[in-house]
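Structure, as structure tokens:
The values are calculated or read from the model by the stated rules, or taken from the named source; none is laboratory data. Keep in mind it's a predicted model, so treat the numbers as computed, not measured. Every residue, glycine as well, gets a Cβ built from its backbone with ideal geometry; the counts of neighbours run over all protein chains shown. The protein model used for the area step is the full one, side chains on, heavy atoms only, and it has no ligands, DNA or RNA in it. Shrake-Rupley method; radii C 1.70, N 1.55, O 1.52, S 1.80 Å.
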Amino acid sequence: MKLPSMRMAIQDARDTFVRFPAIICNAILGTAVALILVDHEGSGEPSILFSILFATILGIPLLFSLAVYAERKNFRWPQALGFQAIGILLLVVYASTVPQDLTFAPTAVPGRFFLFGAALSFLMMFIPSGNDTPEQTFWHFNWQFFLRVVIAGVYAGVLFTGFALALAALDNLFGVTIPGKRYPELWVAIVGLFAPWFTLAGTPDARPGVARDHPYPRGMKVFALYILGPIVLVYLVILYAYLIKVLVAWDWPKGWVSGLIFGFAGCGVLLVVLLKPLIEKEGMVWIRRAILWFHIVLVPLLVMLFLAIGRRVSEYGITEPRYIALTVAAWLGIIVLYFLLSRKKALRFIPLSLCLMAFGISFGPWGVFAVSESSQRARLETLLTSAGVLNNGRVTATHPPVPFEDVQEISGILTYLRDAHGFESIQPWFETNLRIDTAVSRLRYKPASDIAEMMGITFVQPWEGTRGGSVTLRASGGFPVIGYDRLARFSPYAGFNDRVDTLGGGVCIRSRDGINTLTFTGPDTSVQYLTVDLRAHAAAILQGYDRNVIKAVPDTIMMLRASGNGLDVCICPWSIDVWTKDDSTRITYMEAIVLFTTPERTP
């Protein structure tokens, strides 16, 4: 076996550049931009570099699709370059839509970027074979390309590890100062240049008429039948058992079940993709029936999926995750109909439909971001109007008290709008500009709490006032220590039902019922001085405060004094973790100082 020489490697790299010049140049540009951003440790000011970086990342799948399509259609070299120039123009247009002050841009900007990336990735899977090549060719092209990507990832990891250790050796053995940012720069260079170049070098020839060997991987068959197959069956049993429970109890399906159905459907679709080439093999005819039954049993689960998602939408409106969940559920319905009713049942329909779906929901008034913003704005408008905060399209801070549940919803919607879209949609309700006047960013908005204050509402977090949750009470200052002669630190947690801690001076604390009740005893616990109900103390504190994650409670309120049988104690907790549910309270953890005067020293 002849090992590849350096001359062969250089020749392969040159041939790859000739075959994919636009992608290689795009990767070089993107890597250079990323290296500049890493070297300057990000960009605190608006910079066009972010726009270029986003465009070059999307340029890899887009230009690859265009190059392979031109190759499949036997375009001449100048025609192929002209065809890819259209893609470069599209990338320039996209870059112009990415805000340069990306640090403060709404999350819809990276969200749209990921949708475009997903759509172009599915386009990469479909376009090399199009609709005019055999199914086997489509499957094996994608399989070989996928293997090349995995190998490139492994090689990139090995290269980075090796060179990173070499840099560390120079730093530690020879005293050469290596700045910490050189390591991420090394990773960017390897992933940005080596990985795509190596992957493209192994891309199968997409030209028609090129002879190809299509052996089905043995390991793939084992993985599909004996690993992925049992997983799908387990999902199926669990989901149908839950479906029967819903029908018997006539209980509305819970939103959590949506993830399980998506997991089942995703594993099932992947199993169909992996096993489809085996249908025509001898002894594998049963796979055709298995694929048919998979799509049949998916129908009732899709009905339950739509009910579960619909319940969340009816209660809280549409957000990006719920919109995407509904879209994916609709796509699954289309896939089921296609594989049940279509004669061709072509696998290429899966990436093509996913590509069109991702592109379709990424922009426009029907898109995921516009619909989500409109839905949440409508919910906010309804809440404010019913509470008397919004009158004739204007917000007023003078209005009757707003119910806590409505305040909580209003606060959540304001937080969502600021993070995901900004406040432009509700700006007409206010006379004051909702943006922060700053030279650093024109996309920076005021905090949601400030907007709530303009409405005459006290902003609350989503977890405040909930029926169940963890609450942390924190003391706001120091504790007086006069009048006691001993001090001990006490930090119990609810992991022990019966625990004894020695404080010193012949005094111990016995924690019972978790740490809800504390009993001060002698060393042998037979002598009991007094018992302190810590749970009642925490519940009394919560009565005077809105439930929140952290509250600055005055030290005089946090302190708990008690005396009995000659023992005087003062528990000074600077932090108490309380679990609340409905009207019940349970202490889960406490950090405290215990001040006490021993019975021998008590006058």
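Points to keep in mind about this one:
- Look at (1) within 26 Å of residue 123 (Cβ to Cβ); (2) open to solvent by less than 70 Å² (accessible area, probe 1.4 Å); (3) assigned to a helix (DSSP H, G or I); (4) of a type outside the set (Phe, Trp, Tyr) and you find that residue 334 fails only one, number (2).
- Yes/no for residue 561 being open to solvent by 60 Å² or more (accessible area, probe 1.4 Å), modelled with pLDDT of 80 or more and assigned to a strand (DSSP E or B): yes
- Filtering 58, 89, 147 for residues that are modelled with pLDDT of 90 or more, of a type outside the set (D, E, K, R) and crowded, with 20+ Cβ neighbours inside 10 Å leaves a single hit, 58.
- Just one of (1) surrounded by 18 or more Cβ atoms within 10 Å (Cβ to Cβ); (2) modelled with pLDDT of 90 or more; (3) touching a Ser or Thr at 6+ places or on another chain (Cβ under 9 Å) fails for residue 308. It is (2).
- Scope region 229-273; condition more than 23 Å from the chain's Cα centre (by Cα), part of a helix (DSSP H, G or I), over 16 Å from residue 292 (Cα atoms) and without any contact (Cβ under 8 Å) to a residue 12 or more places away in the chain; matching residues: 230, 234, 237, 241, 244, 245, 247, 248, 249
- Residue 276 open to solvent by 40 Å² or more (accessible area, probe 1.4 Å) and among the basic types (Lys, Arg): no
- For region 224-235, the count of residues that are farther than 23 Å from residue 28 by Cα and of a type in the set (Phe, Trp, Tyr) is nonzero.
- Residues (in a helix (DSSP H, G or I), free of Cβ contacts under 8 Å to residues at least 24 places away in the same chain and among the charged types (D, E, K, R)) located in region 50-85: none
- From the options 96, 121, residue that is in a helix (DSSP H, G or I), open to solvent by 20 Å² or more (accessible area, probe 1.4 Å), farther than 20 Å from residue 33 by Cα and of a type in the set (Ser, Thr, Tyr): 121
- Selection within region 86-121 - among the polar types (S, T, N, Q) and free of Cβ contacts under 8 Å to residues at least 24 places away in the same chain: 97
- Residues of region 365-400 classified as under 18 Å from residue 452 (Cβ atoms) and surrounded by fewer than 16 Cβ atoms within 10 Å (Cβ to Cβ), total: 10
- When region 509-550 is filtered for residues that are more than 39 Å from the chain's Cα centre (by Cα), modelled with pLDDT under 85 and surrounded by 20 or more Cβ atoms within 10 Å (Cβ to Cβ), only 511 remains.
- Residue 384 satisfies every condition listed in (1) in contact with a strand residue (DSSP E or B) (Cβ under 6 Å, 6 or more places away or on another chain); (2) without any contact (Cβ under 8 Å) to a residue 12 or more places away in the chain except (2).
- Matching residues, region 106-118, being in a helix (DSSP H, G or I) and open to solvent by 30 Å² or more (accessible area, probe 1.4 Å): 110, 112, 114, 116, 118
- Count of region 400-433 residues which are acidic (Asp, Glu) and assigned to a loop (DSSP other than H, G, I, E, B): 1
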